[in-house]
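First the structure, in the form of C-alpha cells, and then the observations on it.
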Amino acid sequence: MPQSQLSFLLSRRWIGFALFVVVLAGICFRLGLWQFHRMEDRLDDNEVIKRHLAADPVPLTTVLGPGDEVDERAAWTRVRVTGTYDVEHEVTVTFTTRDGAPGVDVVTPLVMPDGSAVLVNRGWLATQNTTERPENVPPPPAALVTVTGWLRQDSGADRQATEPRDGQVRAVSSTGMAASVPYDLVSGFLNLRSQEPPAAKALALEPRPELGQGPHFFYALQWWFFGGLAVFGLFWFAWTELKERRARPEPAA
C-alpha cells in the first residue's frame with residue numbers, strides 16, 4: 001500500500017480523532033473495572049450479611065456502644081432490645097411499595113430503660129396512592145416489649161427526606177429524626193422481625209435482602225463493549241476514507 005494513501009492519518013483532524021478514541025476507550029475500560037470492583041464488594045458484603053442472618057440475635061449494646069455508628073460490617077446484624085414504643089413520635093415512610101402496591105413503612109421509636117431510643121421499622125402497611133398520612137396504622141404493643149430485628153444503616157438521603165413533616169418521611173435516618181424527639185437516638189434503625197408480646201395486628205415485615213451479584217457484571221461488559229466499539233469505529237472510518245481516496249481518479253501529469 002503506498003504510503004501516500006495513508007498520509008491523511010497524520011492530519012490534525014485524524015490525530016485529534018484518534019486521541020479522542022483512545023481517551024474514550026480508556027475511560028470505558030476503567031469504568032468496566034470499576035463495575036467489577038463494585039461486584040466484588042457486593043459479594044463480600046453478601047457473605048457478611050449471610051453470616052449475620054444465620055447468627056443468633058445479640059443485645060443491641062454489644063454491637064453499638066455510646067456514640068457508635070452502624071457501619072457496613074454491622075449492618076444486618078440480628079439484635080435484641082427491650083423498651084417501650086413511643087407512638088406519639090411515630091412516622092410513616094411514604095412512597096414505599098410491595099409488588100407494585102402503594103403503601104408506607106411504619107417507624108416507631110423504642111425507648112430503652114436508659115432513656116435513649118432506637119428507631120424500629122415495624123413493617124409495611126398498604127395504603128391508597130396518596131401523599132396523606134394514613135390514619136389506620138395498627139398500634140404496637142403498649143407494654144414493655146422485647147424486639148428482635150435487623151440492624152440497618154441510616155439512609156444517606158438529604159435532610160428534606162429524613163426530617164419528619166406532618167408525621168411523614170421519605171427515608172429513615174436517626175440523624176434526621178433526632179431533632180423531633182425528646183431523647184437521644186442510637187445510630188441506625190431496626191427492621192422488626194419479631195416482638196414479645198406481639199402486636200394485635202401485625203404489619204408486613206421487611207423481606208430478606210437480595211443477595212445476588214447485581215447488574216455490575218453486565219454493566220462492566222457494556223462499558224468494555226462501548227470502548228471496543230469506539231476503537232472499531234476509528235478503524236472503520238479510516239478504512240472508509242481510504243477506500244474513497246483509492247476510488248478517486250489520479251490527477252493528470
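The values are calculated or read from the model by the stated rules, or taken from the named source; none is laboratory data. Since we're looking at a predicted model, the values are computed, not measured. Neighbour counts are summed over all protein chains in view; Cβ atoms, including those assigned to glycine, are modelled from backbone coordinates with ideal geometry.
Touching a Leu at 6+ places or on another chain (Cβ under 9 Å) and at negative phi: does that describe T97?
Numbers: touching a Leu at 6+ places or on another chain (Cβ under 9 Å): no; at negative phi: yes.
It is false that T97 is touching a Leu at 6+ places or on another chain (Cβ under 9 Å) and at negative phi.
Looking at the range 158-186, which of its residues are farther than 18 Å from M112 by Cβ, outside any helix (DSSP H, G or I) and in contact with a helix residue (DSSP H, G or I) (Cβ under 6 Å, 6 or more places away or on another chain)?
Within the range 158-186, E163, P164, V169, R170, A171, S173 qualify.
Of A179, A126, A161, A101, which residue is under 18 Å from the mean Cα position of the chain (by Cα), over 29 Å from D56 (Cα atoms), of a type in the set (G, A, S) and in the same structural domain as H89 (by TED's automatic domain parsing)? Reasoning before the result, please.
Working: A179 fails: under 18 Å from the mean Cα position of the chain (by Cα); A126 fails: under 18 Å from the mean Cα position of the chain (by Cα); A101 fails: under 18 Å from the mean Cα position of the chain (by Cα).
Every option except A161 fails the conditions.
Which is surrounded by 13 or more Cβ atoms within 10 Å (Cβ to Cβ) and hydrophobic (A, V, I, L, M, F, W, C), of L9, L19?
Among L9, L19, only L9 is surrounded by 13 or more Cβ atoms within 10 Å (Cβ to Cβ) and hydrophobic (A, V, I, L, M, F, W, C).
Check the range 82-93 and report whether any residue there is surrounded by 13 or more Cβ atoms within 10 Å (Cβ to Cβ), without any contact (Cβ under 8 Å) to a residue 40 or more places away in the chain and either closer than 18 Å to L205 by Cβ or more than 20 Å from the chain's Cα centre (by Cα) (or both).
no
Report yes if some residue within the range 123-130 is touching a residue at least 12 places away in the same chain (Cβ under 8 Å) and touching a Ser or Thr at 6+ places or on another chain (Cβ under 8 Å); otherwise report no.
Yes, some residue in the range 123-130 is touching a residue at least 12 places away in the same chain (Cβ under 8 Å) and touching a Ser or Thr at 6+ places or on another chain (Cβ under 8 Å).
Report yes if some residue within the range 232-244 is over 30 Å from A117 (Cα atoms) and β-branched (V, I, T); otherwise report no.
Going through the range 232-244, the residues over 30 Å from A117 (Cα atoms) turn out to be 232-244.
Filter once more, keeping what is β-branched (V, I, T): 240.
Yes, the range 232-244 has at least one match.
Does V118 satisfy being buried (at least 17 other Cβ atoms within 10 Å of the Cβ), modelled with pLDDT of 95 or more and touching a strand residue (DSSP E or B) at 6+ places or on another chain (Cβ under 9 Å)? I'd like the intermediate steps shown before the answer.
On the way: buried (at least 17 other Cβ atoms within 10 Å of the Cβ): yes; modelled with pLDDT of 95 or more: yes; touching a strand residue (DSSP E or B) at 6+ places or on another chain (Cβ under 9 Å): yes.
So V118 fits the description; yes.
From (1) in contact with a Ser or Thr (Cβ under 9 Å, 6 or more places away or on another chain); (2) at pLDDT below 85, pick out the condition that doesn't hold for V70.
(2)
Here are some residues: L144, L110. Which one is at pLDDT 95 or above, assigned by TED's automatic domain parsing to the domain that holds N191 and surrounded by fewer than 16 Cβ atoms within 10 Å (Cβ to Cβ)?
Values: L110 fails: surrounded by fewer than 16 Cβ atoms within 10 Å (Cβ to Cβ).
When all the criteria are applied, what remains is L144.
Does the range 21-30 contain any residue that is modelled with pLDDT under 85, part of a helix (DSSP H, G or I), of a type in the set (D, E, K, R) and within 26 Å of the chain's Cα centre (by Cα)?
Just the residues of the range 21-30 that are modelled with pLDDT under 85, to begin with: none.
No: zero hits.
Can you tell me which residues in the range 191-245 are polar (S, T, N, Q), surrounded by fewer than 17 Cβ atoms within 10 Å (Cβ to Cβ) and under 18 Å from the mean Cα position of the chain (by Cα)? Give the derivation first.
Kept after step one, since they are polar (S, T, N, Q), are these residues of the range 191-245: 191, 194-195, 213, 222, 240.
Narrowing further to those that are surrounded by fewer than 17 Cβ atoms within 10 Å (Cβ to Cβ): 194, 213, 222, 240.
Hit for the range 191-245 is Q213, nothing else.
In the set L64, L9, which member is at pLDDT below 90 and either within 18 Å of the chain's Cα centre (by Cα) or closer than 29 Å to T175 by Cα (or both)?
Values: L9 fails: either within 18 Å of the chain's Cα centre (by Cα) or closer than 29 Å to T175 by Cα (or both).
Step by step, each of L64, L9 is checked, and only L64 is at pLDDT below 90 and either within 18 Å of the chain's Cα centre (by Cα) or closer than 29 Å to T175 by Cα (or both).
If V137 satisfies all but one of (1) touching a Phe, Trp or Tyr at 6+ places or on another chain (Cβ under 8 Å); (2) of a type outside the set (D, E, K, R); (3) surrounded by 17 or more Cβ atoms within 10 Å (Cβ to Cβ), what's the number of the condition it fails?
Only one criterion is unmet by V137, namely (1).
Restricting the search to the range 154-200, which residues are on the phi > 0 side of the Ramachandran plot and out of contact with any Asp or Glu (no Cβ under 6 Å at 6 or more places or on another chain)?
Narrowing the range 154-200 to residues on the phi > 0 side of the Ramachandran plot: 166-167, 188.
Within the range 154-200, D166, G167 meet the criteria.
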